[in-house]
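The next block holds one structure in the form of structure tokens; read it before the comments.
Values in this text are rule-based calculations from the coordinates and carry no lab data. Treat the numbers as computed from the prediction; the structure is a model and nothing was measured. We place every Cβ from the backbone using ideal geometry, glycine too, and count neighbours over all the protein chains shown.
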Amino acid sequence: MPQIPKQFIDSLKGVEGFDKEKFLQTHVRKEAVTSVRLNPAKATSIQLPISSAVPWCNEGRYLTHRPFFTFDPLIHAGAYYVQEASSMFIDHIVRQLKNNLPASSNVLDLCAAPGGKSTLLSNALPDSFIVSNEVIKTRVTILAENISKWGSSNAMVTHNDPKDFQKLPGFFDLMVVDAPCSGSGLFRKDPTAIDEWSEANVALCSQRQQRILNDALVALQEGGYLIYSTCSYSKQEDEDVCDWIIEKFSLEPVNITVDEAWGIVEVHSDNHHVPGYRFYPHKVKGEGFFVACFRQPNATSDYYSYGASFTALTKTQRAIVEPWIKSPDELEIFKQKETIIAFPAKWKEENSVVQKTLNVRKSGVAIGTIKGKDLIPHHEFALSHLLAENVPFVEFIEADALKYLRRQDLAIEDTLKGWALARYNGLNLGWMKVLPNRVNNYYPTDWRILKP
Ligand code: SAM
């Protein structure tokens, strides 16, 4: 492991909870902590080396060692997400805020790729409308892929600059800003971050964090909550940004109840005594993380109500699509170009507003396209919770599931014909089309396992 810079250690002198010797010790021996978050909506028997539960997250689990995740079909089915344990603390915060949020909230995950917090939010707030945004184009694909695998129908993926959210003043009840940062919290997990660390970069990140917040905070509703987090230990990116939030936006700091036994250090910013929560690897089983929470007490103007803007399905198209869908009456089913999309009807208006305002990359669940009298089902539909129960399926053993995920040829001993789901351990992996003399594997080419 590269040497941790002296300037970095010096900069943390006096920061609450920082203990130079203990901190350095945890970085000499690389003690890898691997954790996953289970998908409660896709409960199945998983074969992971689970050692214990992550205390601040209902679905978080520590593993005894890091398995080779790629060869577990269940990760591709969205049964769990590999996520750093400290950052799962967002689950604890959201559970605490839940009683003060509307039953059906509008939630923004502003810096969302690759989707750890967004998938967490979709479980923690299942009745909410979630916008997962990523500004960097190359990272939007992995974000959309992870959200599709998770099966959430309440999440929309957008590709926008934070300032585009100024077009939605007061739209969101909860905003999560998991900001890009200098990354010192990941030194142990990703030693390349050590070489990239510099005081100049910390200063640059701090400015960028303020710019992101400044650009997007107007989209927070009166009474709404902001969760601000980084994986940096630097005060300039953590407590100092919290002070700036109070000075610039007059938000109210929110206290989070923390069990002392968890080892999380509660700190306070210098000027406004904003409570923040620091995770140090010598105190918690996890990597470095900082988080603080705020409430917007000031009125922001309500968003403008637009009308719906999607192409409706014809009666014939509905008759083709509906038999495939569970509870179609609860969904808004529409067409975007040739793709049929379903979105929970209760968020029709919110969906419409976001569609008209932002650069939407994914919305609701893609059901498929209609060809003649048939539906060609979309891969995302197989992974969602919207499928009717009578859709045919084939339950694979592990070796065949991996063949399917590699997009290899398949042979099935079944009398099925036409579209069928490939399933493993009761979870859907994707579609196949069973023809008289062969089976066509429809696993998406871009997602297939390439490792031999
Ligand atoms: N929340 C994510 C999760 O839990 O999986 C991790 C987010 S990561 C810490 C920060 C994200 O901010 C990255 O996806 C990065 O591409 C994005 N980002 C980088 N520059 C940005 C900017 N200027 N404005 C908004 N987001 C930015």
Under 11 Å, Cβ to Cβ, from HIS379 - net charge with Lys/Arg +1 and Asp/Glu -1: -2
Built amide H within the under 5 Å cut-off of THR34, gap 5+: LEU63
Sorted by Cβ neighbour density within 10 Å, fewest at the top, the residues MET175, MET1: MET1, MET175
Cross-link reach list, aspartates and glutamates versus LYS326, counting only Cα pairs under 16 Å and skipping chain neighbours closer than eight places: GLU380, GLU389
For ARG295, distant residues with modelled amide H under 5 Å away: LEU226, GLU252, VAL254
Those chymotrypsin sites (Phe, Trp or Tyr not before Pro) in region 10-65 that DSSP places in a loop and that have at most 13 other beta carbons within 10 Å: none
Antiparallel DSSP beta bridges within region 12-159, as percent of all bridges there, nearest 5: 55
Of VAL267, LEU383, SER51, farthest towards positive along the dipole that unit charges on Lys, Arg, Asp, Glu beta carbons give the chain: LEU383
Dipole of region 20-164, positive direction: furthest Cα of ASN39, THR158, ASN106, with charges on the beta-carbon: ASN39
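If you place +1 on the Cβ of every Lys and Arg and -1 on the Cβ of every Asp and Glu, how big does the dipole about the Cα centre of the chain come out, in debye to the nearest 20? Kindly include the intermediate steps, with their values, before the conclusion.
Details: 49 positive and 53 negative charges, 302 e Å.
Roughly 1440 debye, rounded to the nearest 20.
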Computed over region 1-89: relative contact order in percent, which uses C-alpha pairs under 8 Å that are six or more apart: 31
Check: region 232-384 dipole with +1 on Lys, Arg Cβ and -1 on Asp, Glu Cβ, in debye: 1120
Beta bridges by DSSP in the chain, antiparallel share as percent, to the nearest 5: 75
Within region 219-248, chymotrypsin sites (Phe, Trp or Tyr not before Pro) in DSSP loop having at most 16 other beta-carbon neighbours inside 10 Å: none
J(HN,Hα) series, region 376-392, from Karplus relation 6.51 cos²θ - 1.76 cosθ + 1.60, nearest Hz, glycine and proline x: 9, x, 7, 4, 4, 4, 4, 8, 8, 9, 9, 6, 5, 6, 8, 5, x
Computed [θ] at 222 nm, helices only, for the chain once each DSSP H run of length n ≥ 4 contributes -39500 (n - 2.57): -7000 deg cm²/dmol
0 to 90° range, to nearest 10: angle between helix 199-216 axis and the chain longest Cα axis: 60
Estimated dipole of region 170-266 in Debye, rounded to 20 [Cβ of Lys and Arg +1, of Asp and Glu -1, Cα centre]: 280
Computed over the chain: relative contact order in percent, which uses C-alpha pairs under 8 Å that are six or more apart: 14
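Normalised by the number of residues in region 90-195, what is the relative contact order in percent for Cα pairs under 8 Å and 6+ residues apart?
Result for region 90-195 is 30 percent.
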Projected label distance in nm at LYS348 and SER250, using a 7 Å step from Cα toward the beta-carbon: 3.9
Listed pairs LYS315/LYS371; LYS98/LYS248; LYS167/LYS348; LYS346/LYS373; LYS137/LYS433; LYS117/LYS285 exceeding 24 Å between Cα atoms: LYS98/LYS248; LYS346/LYS373; LYS137/LYS433
Peptide ranges 413-423, 343-353 listed from the most packed, as the mean C-beta count within 10 angstrom indicates: 343-353, 413-423
Nearest 10 degrees, 0 to 90: helix 239-249 Cα axis against the chain principal axis: 80
On Cα atoms only, tilt of 348-357 relative to the major axis of the chain in degrees: 70
Whole-Å distance, taken between Cα centres, linking region 367-408 and region 183-237: 40
